[in-house]
Amino acid sequence: MTTPARARLAASDFTEAFVFDFDHAHDVEPMHLRAVLGGKGANLAEMTRLGLPVPPGFTITTDACRAYRHDGWPSRLDAEIDQAIGRLENRMGRRLGDGVDPLLVSVRSGAQFSMPGMMDTVLNLGLNDESVVALARLSGDERFAYDSYARFIAMFGRIVLGVAGSNFDVPLHEAMDREGVRTEGALSVASNQRLVQEYRTIVERHTGEPFPMEPTDQLRRAIVAIFTSWDGARAHAFREREGIDHELGTAATVQSMVFGNRDDNSGTGVAFTRNPSSGDPHPYGDFMRNAQGEDVVAGTSITQPLGELDATFPAAAAQLREVLAQLERHFRDMCDIEFTIEQGRLWMLQTRRGMRTGAAALRIAVALVDDPDIALTREEAVARITPDHLNQVLHPSFDPEAEVDALATGLAASPGAAVGRAYFDADSAIAAHERGEPVILIRTETSPDDVAGLLVCRGVLTARGGLVSHAAVVARGWGVPAVVGVHELTVDVNTARIGETVIDQGDWLSIDGSRGVVARGVVALSHHSAPEELATILSWADEIRAGHLGVRANADTAADARAARERGAEGIGLCRTEHMFLGPDRLPVVREMILARNEIDYERSLERLLEVQRADFETILEAMDGLPVTIRLLDPPLHEFLPDVDTLLVKDATVGLDEEEARLLEAAQYWREVNPMLGVRGVRLGVLKPGLYAMQVRAVLEAARRRRDVGGDPHVEIMIPLTISAPEFELARRWVHEAIELTTPDTVAIDVRIGTMIETPRAALLAGDIARSADFFSLGTNDLTQMTFGFSRDDVESKLMAPYLAQGLLTNNPFDVLDADGVGTLIRWTVARGREANATLTIGVCGEHGGDPASIATLLDCGVDYVSCSPFRLPTARLSAAHAVLDARDAERP
């Protein structure tokens, strides 16, 4: 059908209306269009503009949802909906719920950002006792008409009226068992008519009122349910996980129905333009004959792979391939499409950016850069890879050498292997997770109500469902290993069975989501190599961030340093020398130094420590040859190297102490502090223990000289911890220079940069004074956060953090995500004052915030030169630094 040309809409029009037809013309940027119409509404409008076969309809905007959530149903919304329904009725030549020629519609949610399965859908709206008779007469198929009516009552009852879905499942399964059929669409007319009556009785029993028959009443209630579903528990949990603003709201699309359950020449399915698990460049998905869309995505029915569509619907399959290719070219990305075939005719119901695994995301991004029809830029490719994608690509798998007691094989829905204890509902899974247990969530099929359980589980196992079922889609998006469609699996309340094997709650189970294997007990896991595209994406990320933000590693051993270099570290931003003292062969020597009774014993113990430290430093400098290595001199209080006072006192009171233990007790009592994190540590140790820092500097310099003598290229940076004033730092700097002069009096001196950690608010405020004699600053954001908030990081997370987050007193745990307002202000002050005093000052960050994506963006904005994090967070830090640079560029554009 054709319609008259419509007036073109501009961005300003979106503030003046709540309802827009799919075929509205517009001059609006895609992002703004999605913000107002939601992703579903915007893409339906775009597919309509492209001339694709889209059933007509209209979208109620996110503005209407926000208005409803804050002030109730908008007064002018009824009139706009009535007008839109009138236009749709005129276009279709039918009337909503009419007893002669009924128009039926679907009502679907559609937020700005994709939230698959998290909100609600109502199909077949407009059916009642009169319109079902008309539908049967017009279609010539009573089975189809009453099947649609039964589905509508159950769906409306569950989603709009709040009746638990299990109430409808019981009579449905009884009917299927009675007739010996496996699918809902195979039930007879009589069974469907009986289900209609049973469902209506269920609704009235649970709601206290008859099922609503007036179509306009049905429509308004359905729209309210869609708006309300935005605030449902599963949607809220999903947004928390994905970082989506809770205030955005959802749009609602109202679309004329097409029927995949019309007959055996009809069907419905979900297709991806590429394989969302592997990135393979071929269409992928599932479909069902004689079914509606919810049958496929709910995972409650057995589906067929998309590759078999040609044998069933050859013409529609050929057209679908053309549409998939067109949509991928148009949107320049892998797309997820919902389609229906009604009596052989293809209809497109939805498209969106497809959720994908980490491996698929990497492969697709690189492939689309190389594809001349799409020609993605490197910047666009990097922007599409998320930290979660990187976390997924090294998912573990079953160790090839491990014994695997395989119980069954299902569909490999989300890659990676997991080991955990079996739990059968979201609440039990959450409780087990809070006890510290690894969880395998086992369900007949998952529904969006299981999202809280999916958030905490190590793996998912379902008896039903296909590769595009709710469990598969969400697990893939979140990097949770999943095996679905294990037909031998039956699940009860607190137990499950696979064949003759009973799985009780709490039993150990292992799954491999890459191969679809379910195994009894604990299977050893091994990690596999990342796809080659990972190196490509990270190299592009490095190009983007070059000159803006460097990435170093926190590494204390040669093994850590080698691992860091392999993962792209541009140096070591923090080498903690105290970690070298804790080995069983070193700790006794450290204690000798602490217990030394005279200068000779003290110097002897320092010399012994120098030997072991020099060897450690040499191997680290070798691993990082040619790159800067920032070595922090001893930081923690000395009591950390001594036995616990209370333990020694108990032993003294019971069996007594020997002479050495008595000396250790005396020293432990002397060095014990009420608040050691604010006590004698860092540079203060150098003041109280003369020669300690000089010994460490000598060890570093001797190691560097040895490296240089064999052709190495050591780049040494000595860092003084916990400095609070310029005089204190200048004193420590003199110690370092004296040690350098003693270590290399007759040779060409090693070039050594000397700097300090900024980890107290006082040091930050006096950064300009300290910078005059410093070569670099390194912001210790862990301690700076602790001292700025007055939080003890060892205690606050176990007691205070949860209620502060729950009550909105904190937006994030500040030890996980840098506090941009408070700590960020101190960092900006440090950077500004430091560089005013010393234009050549280098400023880095060595707290673990340097590996957190949100914190990296804040730190780039603060103006630091580099971040440093643990070796295994380096890929994420490199990617996130590139994202931060790209976001900063976007923010600068007019």
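The values are calculated or read from the model by the stated rules, or taken from the named source; none is laboratory data. For clarity, every value in this text was computed on a predicted model and none was experimentally measured. Cβ atoms come from the backbone with ideal geometry, glycine included; neighbour counts cover every protein chain shown. Quick note on the areas: whole protein, heavy atoms, side chains included, nothing else; ligands and nucleic acids left out. Shrake-Rupley method; radii C 1.70, N 1.55, O 1.52, S 1.80 Å.
Among residues other than Ile720 with Cβ under 9 Å from its Cβ, the summed charge is +1 (Lys and Arg +1, Asp and Glu -1). Taking packing as the residue-averaged number of other Cβ atoms within 10 angstrom, the listed peptides 649-659, 592-602, 866-876 run from highest to lowest as 866-876, 592-602, 649-659.
Only protein heavy atoms count here; under a 1.4 Å probe, Val517 has an accessible surface of about 20 Å². Shape verdict for the range 128-170, please, from the Cα gyration tensor: rounded (a/c under 1.5), prolate (a/b greater than b/c) or oblate. The shape class here is prolate. Here the alpha carbons of the range 326-416 define both size measures, Rg and Dmax, at 17.7, 52 Å.
Qualifying GluC sites (Glu not before Pro) in the range 520-560, where qualification requires a DSSP coil assignment and no more than 10 other C-beta atoms within 10 Å, comprise Glu532.
Our estimate of slack between Thr312 and Ser725, defined as 0.36 nm per intervening residue step minus the Cα-Cα distance, is 140.8 nm.
Ligands, DNA and RNA left out, the 1.4 Å accessible surface of the chain is 50% carbon and sulfur atoms. Each peptide in 133-141, 698-706, 412-420 receives the mean, over its residues, of other Cβ atoms within 10 Å, and ordering these scores from highest gives 412-420, 698-706, 133-141. Label sites at Thr557 and Glu532, each approximated as a point 7 angstrom past Cα along Cα to Cβ, lie 3.3 nm apart.
Charge tally for Arg878 (other residues, Cβ to Cβ under 10 Å; Lys, Arg +1; Asp, Glu -1): +1. Only alpha carbons enter this Debye calculation for the range 706-775, each as an equal point scatterer, and the log10 of I(q)/I(0) it gives at q = 0.12 Å⁻¹ is -0.38. Compute the Cα gyration tensor for the range 636-742, then decide on rounded, prolate or oblate, letting a ≥ b ≥ c be the square roots of its eigenvalues: rounded whenever a/c is under 1.5, prolate when a/b is larger than b/c in the other cases, and oblate in all that remain. Here the range 636-742 falls in the prolate category.
The translational diffusion coefficient of the range 500-552, from Stokes-Einstein at 37 °C and 0.692 mPa s with a Kirkwood hydrodynamic radius over alpha carbon pairs, comes to 214 µm²/s.
At full extension, Glu599 and Gln669 could sit 23.0 nm farther apart than now, given 0.36 nm per residue minus the alpha carbon distance.
Per 0.36 nm of contour for each residue apart, how much would the distance between Leu809 and Glu179 grow if the chain were fully extended, relative to their Cα-Cα spacing?
Additional length available on full extension: 221.0 nm.
Measuring nothing but how far apart in sequence close Cα pairs (under 8 Å, 6+ apart) lie, relative to its length, the chain scores a relative contact order of 8 percent.
Okay, helix-only estimate at 222 nm for the chain: each DSSP H run of n ≥ 4 adds -39500 (n - 2.57), divide by all residues, round to 500 deg cm²/dmol; what do you get?
Result for the chain, helices only: -13500 deg cm²/dmol.
Take the chain with all the other protein chains still there, run a 1.4 Å probe, and you get 41 Å² of accessible area per residue. Take every pair of alpha-carbon atoms less than 8 Å apart whose residues are at least six positions apart; their mean separation over the length of the range 66-193 yields a relative contact order of 17 percent. Normalised by the number of residues in the range 109-181, the average gap of Cα pairs under 8 Å and 6 or more apart makes the relative contact order 26 percent. Charging the Cβ of each Asp and Glu at -1 and of each Lys and Arg at +1, and nothing else, the dipole of the range 496-613 about its Cα centre rounds to 120 debye. Between Glu380 and His487, the C-beta separation translates, for a Förster distance of 51 Å, into a calculated FRET efficiency of about 0.75. Remark on the chain: Rg and Dmax equal 32.8, 107 Å (Cα only). In terms of the Cα gyration tensor, with a ≥ b ≥ c the square roots of its eigenvalues, is the range 240-318 rounded because a/c is under 1.5, prolate because a/b exceeds b/c, or oblate? Here the range 240-318 falls in the oblate category. Both radii are taken from the alpha-carbon atoms of the range 513-584; with Rh as the Kirkwood radius, Rg/Rh is 1.14.
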